[in-house]
1. Mind giving me the FRET efficiency for residue 259 and residue 349? R0 is 22 Å, r the Cβ-Cβ distance, nearest 0.05 is fine.
2. Ratio of alpha-carbon Rg to the 2.2 N^0.38 Å globular estimate for the range 135-216, to two decimals, please.
3. Taking the Cα-to-Cβ direction at residue 274 and at residue 172 and moving 7 Å from each Cα, how far apart do the two end points lie in nm?
4. Taking R0 as 41 Å, what FRET efficiency do you get between residue 179 and residue 233 from their Cβ-Cβ distance, rounded to the nearest 0.05?
5. In Å and from the alpha-carbon atoms only, list the Rg and Dmax of the range 117-265.
6. For residue 335 paired with residue 374, estimate the spin-label separation in nm (one decimal), with each label point 7 Å from Cα along the Cα-to-Cβ line.
7. Could you order peptides 300-307, 62-69 by the average number of other Cβ atoms within 10 Å of their residues, highest first?
8. What is the extension gain from residue 159 to residue 89, computed as 0.36 nm multiplied by their sequence separation minus the C-alpha to C-alpha distance, in nm to one decimal?
Amino acid sequence: MAFKALTISLLCLLAVSGLAGAVLCRDDAYNPYGGGIVHGQVLGFNWFNELIPVVWAEVSAWRDGELVAKAYSMAGGHYEIILPVGWYTLVVEEPGYKTVSREIFVSSGSSTAINFVLELSMEPIHKPKPKPPTQYRVEVGVSGLPEKVKAKLYVDGAVETELGTGETCKLSFENGTQHKLSVTEMLEGNGERYIADQPSITVSAEKIHVFNYRAEYFLRFTTEPEGLSLPSTPRTGWYPAGEAVTTPTAPILLEESPVVRYRFKAWTLDGKELEGNPAEFTMNSPHLLKAVYSKEFLVEVSSPIGEAEGSGWYPAGSTATITVQPSLGFWVKQVFTGWTGDYVGRNPTATITVNKPMRIVATWTVDYTPITLICIAAAAAILTSTALILKRRRGSTPPPERTG
């Protein structure tokens, strides 16, 4: 009675463990191709009513009346079978035992534990013992590569095939052997590269493995015009895909000399203007980053007389208006005669093109015409007055008397 009670308790425990195992998932059993692993133990009662592991029991998975996969219980009655996502009927058969079955659902990346307990059939054994499998299977895939980019798959150092994202390669090896599987560690071109997280693995049993690649993009930095020296610049080099990059704050003015300087305009990414200084962007492809400046020249306008206008900083290629009063003074006039220096002209107001630093000076001459005319007029007035006075004097004097 004690043995029977123990047997019943053990059966209940196995049944519970089987039900619990149906929802048990292991992290290391992840299968990105939409499948999972079903594993467990096959036990059975012998003629002495002892519960023992059943070795070489056939475990088959059926769906819609078709055989999908088959495995055999090994040492300790343990079995393992890999199945795609879906509903299945697991059937366990072993000569001398009653056939048992169970409905299960396999989800993506799952690892489900199902244990079976077989009862003696009390029927003659006619089924021959199946031969154990002599090979194990390995399925290899690749993820993270863009379309049309493929990685080479190596088996023990020799090229086996090329795989792109979503493609798989199924391999078979003899039981008891160990093999190294590897892929191209890095694929690079056109400012982008893809690096394998784990470029090689070693297999000795059935396995599904995906070699994952992570993308990196190249950022090149320059200034416009080229060759400007900034106190702080973005790093030129490789960045992980999706990384956020913030530029340093660009100085507003860069002085090349006392008469040449550069004024900051904007940050541009692949020719498109970014907002702000500093600016932010995301590395979602190879990029060319520029700090864009405009060149400015100093225009100096001077005059020894009066006040000339138009001095200041001007963008290269722009126009400037220079001006000065054409004449100054009244009695003696200072008259503008022209511009000298980096611009030559006679107009007191002129528009010039600024394509270099410029120093322009107004020239003058003295005009005595006003004072000369005044002097001539004054002299004429004096002479006229003198003549009139003399004439009057002559008219008022009596003629001399005649003597006999």
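1. The formula returns an efficiency of 0.40 here.
2. Numbers: Rg = 12.8 Å, N = 82, 2.2 N^0.38 = 11.7 Å.
Dividing the Cα Rg of the range 135-216 by 2.2 N^0.38 Å gives 1.09.
3. 5.6 nm
4. On the way: r = 49 Å, r/R0 = 1.18.
Calculated value: 0.25.
5. Gyration radius and largest Cα-Cα distance of the range 117-265: 28.3, 110 Å.
6. Rounded to a tenth, the inter-label distance reads 1.7 nm.
7. Values: 300-307: 15.8, 62-69: 11.5.
By packing density, highest mean first, the sequence is 300-307, 62-69.
8. Numbers: separation 70, 0.36 × 70 = 25.20 nm, distance 3.91 nm.
Between residue 159 and residue 89, full extension yields 21.3 nm more.
Just so you know, all these numbers are worked out from the coordinates, no wet-lab data involved. Worth saying up front: this structure is predicted, and the values here are computed from it rather than measured. Cβ: placed from backbone, ideal geometry, glycine included. Neighbour counts: every protein chain shown.
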